[in-house]
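Q: Structure provided below as structure tokens; questions to follow.
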Amino acid sequence: MSYLNLISLLGWVAFCALAWVIGGCRRPVPWRTVLGSTLLTFGLGAVVFLLPASRKLLLIANDLVLLALSSSSQGAQFLFGPLALSPGQATSAGEPSVGFVLAAQVLPAVIFFASLMAVFHHFKLIQPVVRFFAWLFHRTLRLSGAESLAGSIHLFFGVETAAAVRPYLGTMTRSELLTVLATNLATVASTTLAIYVIFLREAFPQIAGHLLSASLLSIPCAVLAAKLILPETEDPVTLGAVPEMAATEAHDNGFAALAAGAWDGLKIAAGITTILIAVLGVVGLVDLSLAKVSSLLMGAGEPLSLARCLGWLFTPLAWLLGIESGDLAQAGRLLGQRMVLTEVVSYRELGSLAAQNQLSPRTLVIVSYALCGFAHVAGVGIAVGGFGALVKERMEDLSGLALRALAAATLATLLTGAVAGALFHGQAGYLGL
């Protein structure tokens, strides 16, 4: 084990301590949840990083995701022609790609994955997996049944999980609500997983398998951070057992489920587009203001920007992840800008840096894990709005927990990155190169 692996372990402890401090050093400390989350996270991480047999499972998962991505591009190419082709590709008629176009090359994959998950759900292929992980989280993390169920569903879906736990939201404690929000923000839905894979698959061919692993690890990490910030002091209604998933819209056949999933995917893609346009526009306005102020105060130096300022704030946290010194500035900037620019922008830049060999393999693995989540301002708004729409009587509680949920989710993704940093020591083949 190198000193960088030891720093990552130190980072795990530091992030846990930071969560406790953010929560106001509340007592009693939920030691059983802390111990259970730690053991489960490092146990799952060890399976991924240290067991040779797990590499075969990662390869299978990775290949399945890439196969689905390849299939999803067929419809996009039919509609958009060369706009849907990656740089260097050409249509059957010889029309070359015009370069990278996010709307034509990435967002169609979101629609396809949403429809695919709807079909899997219709044929009850997802429900047994959800039940297994809900049972696992319930038994090992000392969560209520509703918390466990919500966390398990987050492996497949995003804020749409609210409908599956709707009957239990009204009676949840504040600690339960924070945990549900945090696990939602700290994980990635399968519908958006495709976006990150597209950005990184050239430089990190096995990225799909690792992102699935990162999303799974982030659930116990989110539970750990949320319970340290706001420990449970009440008696949850569903503490004794995992309840059933609430019934969702039924479809007469698989094709109806496919069509309904595609419509849901279109809404998600439209939401991503809207958020990126709005957030990047506001950030651009802030950057222009910061640049103007910095030029007046500091003269002809490098202008200030929001990403640069957040990068300074996150650079010490990047060091605690066990990032190599030469990559600290870049890693800190990627982690910091995720808070306002969303993970989509950070993953795209990470892919560009990796393609230019500007990051070490260790940094690429750690940052890929640490960025895997919706822990940003826009994500909080979507989560609070989505859950609040179903239980309007709890909107005040949800809004009051928003900032703590963002803090818990951010720390959860950092904890996930710390696990990757502690267990990755340059294993051959883990990038797939």
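Q: If you count, for each residue, the other Cβ atoms within 10 Å and average over each peptide, how do 31-38, 318-325 line up from highest to lowest?
A: Details: 31-38: 18.0, 318-325: 22.2.
So the order, starting with the most tightly packed, is 318-325, 31-38.
Q: Work out, step by step, the length gained on full extension between residue 131 and residue 31: first 0.36 nm times the residue separation, then minus their alpha carbon distance; give nm to one decimal. Spell out each step's value before the answer.
A: Details: separation 100, 0.36 × 100 = 36.00 nm, distance 2.53 nm.
Computed gain between residue 131 and residue 31 is 33.5 nm.
Q: Order of 365-374, 412-421 by packing, highest average Cβ count within 10 Å first?
A: Values: 365-374: 27.4, 412-421: 30.4.
Going by the mean number of other Cβ atoms within 10 Å, highest first, we get 412-421, 365-374.
Q: List the aspartates and glutamates whose Cα sits under 16 Å from the Cα of residue 124, skipping any in the same chain fewer than 8 residues away.
A: List returned: 244, 249, 252.
Q: Next question. Size of the dipole of the chain about the Cα centre, Lys and Arg at +1 and Asp and Glu at -1 on the beta carbon, nothing else charged, in debye to 20? Each step should come with its number before you reach the end.
A: Numbers: 23 positive and 22 negative charges, 135 e Å.
Dipole magnitude for the chain comes out near 640 debye.
Q: Rounded to a whole number, what % of the accessible area of region 325-395 do carbon and sulfur atoms account for, probe 1.4 Å?
A: Numbers: 1370 of 2250 Å².
Roughly 61 percent, rounded to a whole number.
Q: While we're on this one: Given 0.36 nm per residue, what is the gain on full extension from residue 78 to residue 289 after removing their alpha carbon distance, in nm? Walk me through the numbers before you get to the answer.
A: Numbers: separation 211, 0.36 × 211 = 75.96 nm, distance 4.26 nm.
The span from residue 78 to residue 289 would gain 71.7 nm if fully extended.
Q: Separate question: Check the straight Cα-Cα distances from residue 227 and name the aspartates and glutamates below 13 Å, setting aside those fewer than 8 residues away within the same chain.
A: Excluding near neighbours in sequence, the set is 147, 176.
Q: Using the heavy atoms of the protein chains and a 1.4 angstrom probe, tell me the accessible area per residue for region 223-304 in square angstrom.
A: On the way: 4930 Å² over 82 residues.
Value for region 223-304: 60 Å² per residue.
The values are calculated or read from the model by the stated rules, or taken from the named source; none is laboratory data. The structure displayed is predicted, hence computed values, not measured ones. Methodologically, a virtual Cβ is constructed for each residue, glycine included, from the backbone with ideal geometry; neighbour enumeration extends over all protein chains shown. Ligands, DNA and RNA are excluded from the accessible area calculation, which covers all protein heavy atoms including side chains. Shrake-Rupley method; radii C 1.70, N 1.55, O 1.52, S 1.80 Å.
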